[in-house]
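Undergrad: Below is one structure. I have some questions about it.
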Amino acid sequence: MKRTIIAAALLALTGCTVVNEHRAPPADWPQLEVTVEETGFWETQEKCGRNVAEVILIGPALGCAYINFDEMRCRIYLWVNSVLDHELLHCRGYDHYGSSDLRDYWETWKKENQNVQR
């Protein structure tokens, strides 16, 4: 179940760089350590989960954010630097408008790790 939620959250974020409306983060969203890696075109597609067919049919991913609460990190992969601010919003817990993927991922992680001291 946990892997399904994580996969859904990551998949939802892979094409996010074309959406500019965001839903406010949960009030208790943690501050994550953010790393940014500038990557080439195909490496970005690979990191962001796009295959050749998706690049052709949907378009390329310009960047994506991967959140890992076990490490309290958010890794951003960028092909186009102009989407950095957008991806940083995801690291701060902002979902796309109409989505709750990040919120759901955070709530599930908290429930599954409530006895873990950090």
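Undergrad: State all residues of segment 41-60 that are within 29 Å of Asn113 (Cβ to Cβ) and either open to solvent by less than 70 Å² (accessible area, probe 1.4 Å) or among the aliphatic types (A, V, I, L, M) (or both); if no residue qualifies, say none.
TA: Cys48, Gly49
Undergrad: Restricting attention to segment 61-100, which residues are closer than 20 Å to Ala27 by Cα, among the small types (Gly, Ala, Ser) and exposed (fewer than 12 other Cβ atoms within 10 Å of the Cβ)?
TA: Of everything in segment 61-100, just one residue is closer than 20 Å to Ala27 by Cα, among the small types (Gly, Ala, Ser) and exposed (fewer than 12 other Cβ atoms within 10 Å of the Cβ), namely Gly98.
The values are calculated or read from the model by the stated rules, or taken from the named source; none is laboratory data. Quick caveat: nothing in here was measured; it's all calculated off a predicted structure. Here the Cβ is made from the backbone with ideal geometry for all residues, glycine too, and neighbour counts use every protein chain on show. These accessible areas exclude ligands, DNA and RNA; they are computed on the full protein's heavy atoms, side chains included. Shrake-Rupley method; radii C 1.70, N 1.55, O 1.52, S 1.80 Å.
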